[in-house]
Structures are given as C-alpha cells and as structure tokens.
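Notes follow the structure.
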Amino acid sequence: MNNAKIRIGRISYANVWPVFHHFDYERFAERTTIVAEVPSGLNRAMARGEVDLGPISSFAYGEAGDRYVLLPDLSVSAFGHVNSILLFHRQPLAQTLAGTFALPTTSATSVNLLKILLAKYYGASPTYFDAAPSLPDMMAQADAALLIGDDAIRAHWANDRSGEYLVTDLGELWRRHTGHWMSFAVWALRKEAAERCGELIAELHAAFQASKEQAKLDPETLVTEAVRTIGGSPSYWRHYFAHLSSDFGREQQAGLRYYFDCAWELGLLERPAALHIWDVDLNKAVRVNE
C-alpha cells in the first residue's frame, strides 16, 4: 500500500456535522489530512485530485462520476423540508418565474435543482446570475435569491424578524412535485485512492458510520454545538437535525437517480450519470441499477 496520506475534504456547514462531529480524528491523524473548503471549492479540489474523499455536491459527482465511487450509506439528504436550501422572493413564486434569480457561488446541486424545478414543473426560464451568498446584495439586483447551508439558515432567521421575503424550501418543493428524497451531497472517493488504500478506506468508512450513528443517539451534542457556534435556539436545531438524513439507502438513491435523469434531460449534464458505490468488504465498485 502507498504510504501517502488520504486527503479528506470537509465543509463547515451544519448539514455534514452528523458524519464528522464524532469522527475519531486522532486515530487517523498520521494517515489522513483534513482539507477545509466550501462546497464548490471542495468540488473543484476533488476534480483536480487535491482531495481524495469528501462530501461533494451530488451534481459534481454526476458531472464526473467516471473519476469517483461513492462511500455507502453516507449523504446529506432530506424528504421534504431540508431547512437550509432556501429560495427568498418578494412575490409568490408563480409571479416571480419570469424574473431574475441570484444564485450562490457556493453551490452546484441546489442551483441545478432550482433550474430543474422551474423548467420541468413550472415551464419557466428566468434570468440567472451568480453572486456571493449575501441576501441583501443578491436581492438588490434580483427578484429571488437562492442560499444554501449556514448562509441560508442565518438569512432565514433574519427574515423571520423582518418578514421582508417569502421563503421556499427546495427540498419540500422537490418532494411535492416528484415524491422523491433529495440528496444534496454524497461522500465521493477518487477511484485511484480507493484502489491504493482499500483497507484504510474501510476503516475511515466505519469511523464515519460510527459518528453518524452516535449523532442519532445523542443529537443534543450537535444541538449544543450549533447554538454555540452558529446561534439560534435549541428547539430550532433539534428540528433541523431531526429532518436531515445522513443515510444513502434505496430511497435516497432513487431520488438522486431521478435528479440526474432530469438534469440530463434538460441539458444540465452532458451525459447520463450512474451511481457506483464502493463495496468496502469486496474492495470494488458496484453499480446501483434500482
């Protein structure tokens, strides 16, 4: 086995905390390096080979699935309200469809989810432009603005106080129109790292799974940390983590495959995307067909 360290990408958003919060960093310190990035930065770092594994945007996996395999049973998913993928708009959505939409530079999956929903289920083709994730600046130039992650959460809290904007949760909009789960991020692994360090990948996967299960058993640890570092109330964060899933079973996989099919149908992906999941016991990739 190659002695080079496995480089693990990590984003700071609360939606990945269940998988990372109880991860045993000290146990793997000599064999891994942690690379902190925003989601779009991690997507690029994975594509350039600067990171070996991490929670990349599902859309980024769909664009480059030939380079990656997926770690099993890990994702950022929701069935309905995800509470951190939010569209802010002044008028009801139906009255905003011909307007201008500001899109965050920190996202890929959510940006294309919005495009899929508006094109496929509303027959809309608004004007889009990219912007830094600042709601006041975005809305100074737009009729609607999309925010994700902790930026969306903080903006929602501010809007609860001001009542300035209507807010649409894209996870709920997707469930309403499709009946599917939505997986916003997946734990991707570069193929060469999987083949080079299969035993270490199995250990890391088990540690991530253990963190996820511990978070389910003890959500108050995450709640307390979120209140301390991000703000808000314990009741808000209990609701948030209760409606977020870090699993990636059949239902989540079916929703993601449908998302990829829609993206290809609308020309957002250049080719169809398939799910290839790394079997940590067999040390090989397995394609998911159903």
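Can you name every residue in the range 5-29 that is closer than 22 Å to Glu192 by Cα and in contact (Cβ under 8 Å) with a residue 12 or more places away in the chain?
Correct list: Lys5, Ile6, Arg7, Ile8, Gly9, Arg10, Phe28.
So the check is Cβ under 6 Å with 6+ separation or different chains; which pairs have a first residue in the range 76-97 that's under 21 Å from Tyr122 (Cα atoms) and a second one that's hydroxyl-bearing (Ser, Thr, Tyr)?
Ile85/Ser110; Leu87/Thr168; Phe88/Tyr165; His89/Thr96; Leu93/Thr168; Leu97/Tyr122
Would you mind finding the one in Ala144, Ala140 that is crowded, with 24+ Cβ neighbours inside 10 Å, more than 30 Å from Arg7 (Cβ to Cβ) and more than 19 Å from the chain's Cα centre (by Cα)?
Just a single option satisfies the conditions, and that option is Ala144.
List the residue pairs whose Cβ atoms are under 6 Å apart, where the first residue sits in the range 110-123 and is under 18 Å from Ala152 (Cα atoms), the second is modelled with pLDDT of 95 or more and surrounded by fewer than 22 Cβ atoms within 10 Å (Cβ to Cβ), and the two are 6 or more positions apart or on different chains.
Correct list of pairs: Asn112/Leu268.
Restrict the check to the range 196-214 and report whether at least one residue is of a type in the set (Gly, Ala, Ser), more than 29 Å from Thr32 (Cα to Cα) and out of contact with any strand residue (DSSP E or B) (no Cβ under 7 Å at 6 or more places or on another chain).
Keep residues of the range 196-214 that are of a type in the set (Gly, Ala, Ser), which gives 198, 202, 206-207, 210-211.
Now restrict to residues that are more than 29 Å from Thr32 (Cα to Cα): none.
Checked the range 196-214: no residue is of a type in the set (Gly, Ala, Ser), more than 29 Å from Thr32 (Cα to Cα) and out of contact with any strand residue (DSSP E or B) (no Cβ under 7 Å at 6 or more places or on another chain).
Please go through the range 135-151 and give me each residue that is among the hydrophobic types (A, V, I, L, M, F, W, C), more than 19 Å from Ala98 (Cα to Cα) and at pLDDT 95 or above, ordered by number.
Correct list: Leu135, Leu147.
From the set of residues in the range 42-71 that are surrounded by fewer than 19 Cβ atoms within 10 Å (Cβ to Cβ) and touching a residue at least 60 places away in the same chain (Cβ under 8 Å), which is nearest to Pro104 (Cα to Cα)?
Here the residue is Gly49.
Kindly provide the set of residues from the range 130-157 that are hydrophobic (A, V, I, L, M, F, W, C), closer than 25 Å to Val227 by Cα, part of a helix (DSSP H, G or I) and touching a Pro at 6+ places or on another chain (Cβ under 9 Å), ordered by number.
Correct list: Ala152, Ala155.
Could you pull out the residue among Ala152, Ala185 that is within 30 Å of Ile6 (Cβ to Cβ) and of a type outside the set (Phe, Trp, Tyr)?
Ala185
For (1) over 26 Å from Gly149 (Cα atoms); (2) among the aliphatic types (A, V, I, L, M), each residue gets a yes or a no:
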| residue | (1), (2) |
| --- | --- |
| Arg190 | no, no |
| Ala202 | yes, yes |
| Glu220 | no, no |
| Tyr240 | no, no |
| Glu251 | no, no |
| Asp261 | no, no |
| Leu275 | no, yes |
| Ala285 | yes, yes |
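The values are calculated or read from the model by the stated rules, or taken from the named source; none is laboratory data. All of these numbers come straight from a predicted model, not from anything done at the bench. Note that each Cβ is placed from the backbone with ideal geometry, even for glycine, and that neighbours are counted across all protein chains shown.
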